[in-house]
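Take a look at the structure set out below.
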Amino acid sequence: MKGRVIFYHTAREMEKKLVKIAIWGFGAMGSGMAKMILKKDGFDIVGVSDVYDGFVGKSIFEILNVKNTQKHDVLVEKNIERILDEENPDLVLLATDSFTRKAFDKIKFIVEHKCNVISTAEEMAYPYAKEPELSKEMNRLAKENGVSILGTGVNPGMMMDLLAICISGVMEDVEDMEISRINSLSPFGPTVMEEQGVGLSLKEFNYKLERDEISGHVGFVESTYMIAEALGLDVIDFEQSMSPIVTNVDRKSPYGFAKAGDVAGVDMRSFAKLSNNTKINMIHPQQIEPELEGTNTGDYIKIKGSPAINLSNAPEVDGGIGTIAICVNMIPHVINAKPGLKTMIDLPVPRAIMGDVRNLIDEE
Ligand code: NAD
């Protein structure tokens, strides 16, 4: 009986075409997604684009140092246009930006080629919060072209928003929330190091902070608005703060370095009041190599209400693997979705793809 079931699945998969994926941005996240996809059944990476000269023209298998398990090679291209024109990907994983305004033209270009998009841009996790007009336009473009757009990641996208939203499903009444993520920035690439001020002297950090050149964690606004929408409430008040985390020892990660006395990351906090007076407080100190000074990472969600919730996960969900995995795992849901701009609360519950991805794609 068991053998017959396996045979049935294999035969069914053979009939279905591979799910064609293009990756735009082959940094820490984009390349990690490629590695994960290559280990799964039913995918085909049809193109990769990155502007980094060290990658352009090279095989992704050489860059990743993995065996080519596909039927063809994939060379990194500077320009995505040929990939979108000729390879017809079902979905593009876009891992180049943090801000909706910067990602917008790329998303528009992808959508106009009738491809679905998953973006790692933090603001795209809930773009309605800061960019309502661009969000309307993305929604319109997606519907017009019959595809869907999703922004997601480990945070925003899961650990400080969707997880709290999901657990509220077993609550009769939700009062104040305190959501903490004490995490390591070590898995992330140069974009994140620069945005968090990793490696700057305190003087340089403060100079840049005054000029709004350090973004710190991008996502409190998005997470807060996503939670408010999910609970059917409005955000009445929102503020956030950022302070440097200065290291007492030299710290080195794959893409970052902070010498003793310099900045290893940022301690971010946010405070929000919702329309029924519910408060949402977020606590998010993030730095490279936190363990070097005795900081233990972890994810914690405390919600007052009925029943009270006290979730705890330590060490933290790895930010790199978490982002890579949630983007890949959401691929079938985005392909199956009704066209439009989506957030994580619009789509089915994320889950790991352990079988052939083709079995998760709706037939019609
Ligand atoms: P990274 O710096 O390692 O990689 C970015 C890559 O994109 C680089 O290789 C760069 O050359 C390429 N690139 C930039 N602009 C391009 C363009 N116009 N065309 C082609 N390639 C281009 O960064 P990363 O760690 O991979 O992260 C990518 C983005 O995702 C960052 O902005 C980061 O903040 C965001 N992110 C979000 C989450 C989340 O939880 N929501 C988690 C991780 C990363």
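Only the coordinates and a few stated rules stand behind these numbers; no lab work does. Everything numeric in this text was worked out from a predicted model, so none of it was measured. Glycine also receives a Cβ, built like all others from the backbone with ideal geometry; neighbour counts cover every protein chain displayed.
Counted by neighbouring Cβ atoms within 10 Å, the residues THR278, THR191 run from fewest to most as THR191, THR278. When DSSP beta bridges are limited to those with both residues in the chain, what percentage is antiparallel, rounded to the nearest 5? Antiparallel bridges: around 55 percent, rounded to the nearest 5. Here's how it looks for ASP346: its modeled amide H is under 5 Å from none belonging to a residue 5 or more places away or on a different chain. Over the residues of the chain, the helix contribution to mean residue ellipticity at 222 nm works out to -8500 deg cm²/dmol, using -39500 (n - 2.57) for each DSSP H run of at least 4. Its relative contact order, with pairs defined as Cα atoms under 8 Å and 6+ residues apart, puts the chain at 20 percent.
For the chain, a Gaussian network of Cα nodes joined below 10 Å ranks GLU86, GLU131, GLU178 by mean-square fluctuation, and the top entry is GLU86. Counting every other Cβ atom within 10 Å of each residue's Cβ, SER59, SER135 order from fewest to most as SER59, SER135. What does the charge count near ASN88 come to, summing +1 for each Lys or Arg and -1 for each Asp or Glu among other residues with Cβ under 14 Å from its Cβ? Within the 14 Å Cβ shell, the charges total -3. A P(r) calculated from all alpha carbon pairs of the chain, with 20 Å bins opening at zero, reads 28, 57, 14, 0 percent.
Given a 10 angstrom Cα cut-off, can you work out which residue in GLU293, GLU123, GLU137 is the most mobile in a GNM of the chain? In the Gaussian network model the winner is GLU293. Pairs spanning more than 19 Å between alpha-carbon atoms, out of LYS108/LYS136; LYS71/LYS106; LYS102/LYS252; LYS78/LYS136: LYS71/LYS106; LYS102/LYS252; LYS78/LYS136. When the alpha carbon gyration tensor of segment 162-317 is reduced to an equivalent ellipsoid, the three semi-axes, largest first, read 31, 17, 11 Å. Cβ crowding within 10 Å ranks ILE321, ILE107 as ILE321, ILE107, fewest other Cβ atoms first.
Here r is the Cβ-Cβ distance between LYS203 and GLU291 and R0 is 30 Å; the resulting FRET efficiency, rounded to 0.05, is 0.65.
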